[in-house]
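The values are calculated or read from the model by the stated rules, or taken from the named source; none is laboratory data. Owing to the predicted nature of the structure, the values given are computational and were not obtained by experimental measurement. We place every Cβ from the backbone using ideal geometry, glycine too, and count neighbours over all the protein chains shown.
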Amino acid sequence: MDEKTRQRIWLGVVVALGLVVAVQYLNTRDLRSEVARLRISPEELQLRIDQRAQKVVADAVRERRQDMIAAGQWLHAFYQSEEGLKRKEGLWIDGHPDFEGIGAWVFDVYLRARLTGADDGAARQKVMDAIRQTEEWRRKHPGSR
């Protein structure tokens, strides 16, 4: 092989390597650009997670509307009952709803139990168990500690 042929081969190899390097550079640049476009800050990620969680909870609560109404009616009757708080007016105090009781027992205990997989009976049992730990229930059931 003469010198001129060898130079042409080397020139071809150098050109081919140059093309490979150029293509790799362009691909890497495009990939970095795409990654930068998709990257979000931790604050933005947290905001998106919070918004999604709020939507999931709102949808779950809306789906449980009838359960919540039934639980409120049941709680009213339980408050009136001998096993409950023995309140003649149930969930009414001084002519208005007992918002504290509704919030504590229906939302904090019953709804939380339902949203974490408990059935209606188990969620109501959790409410009854929690009410039986209150000072008001203990006063009205002195022999049942």
For this session: Determine the pairs where a residue that is surrounded by 10 or more Cβ atoms within 10 Å (Cβ to Cβ), located within the stretch 20-42, has a partner that is of a type outside the set (Phe, Trp, Tyr) with Cβ atoms under 8 Å apart, the partner being 6 or more residues away or on another chain.
Result: 40/48
For this session: Pick out the one residue from 60, 71, 122 that is outside any loop (DSSP other than H, G, I, E, B), modelled with pLDDT under 95 and in contact with a helix residue (DSSP H, G or I) (Cβ under 9 Å, 6 or more places away or on another chain).
Result: 60
For this session: Look at the stretch 77-113 and say how many of its residues are crowded, with 16+ Cβ neighbours inside 10 Å, more than 16 Å from residue 137 (Cβ to Cβ) and of a type outside the set (A, V, I, L, M, F, W, C).
Result: 1
For this session: Would you be able to say whether some residue in the stretch 41-54 is under 19 Å from residue 117 (Cα atoms) and at pLDDT 90 or above?
Result: yes
For this session: All but one of (1) within 30 Å of residue 124 (Cβ to Cβ); (2) surrounded by fewer than 10 Cβ atoms within 10 Å (Cβ to Cβ) hold for residue 58, so report the exception by its number.
Result: (2)
Problem set entry | Filter pass, residue 79 being modelled with pLDDT of 95 or more and within 20 Å of the chain's Cα centre (by Cα) | no
Problem set entry | Test set (1) surrounded by 12 or more Cβ atoms within 10 Å (Cβ to Cβ); (2) more than 21 Å from the chain's Cα centre (by Cα) - residue 69 fails condition number | (1)
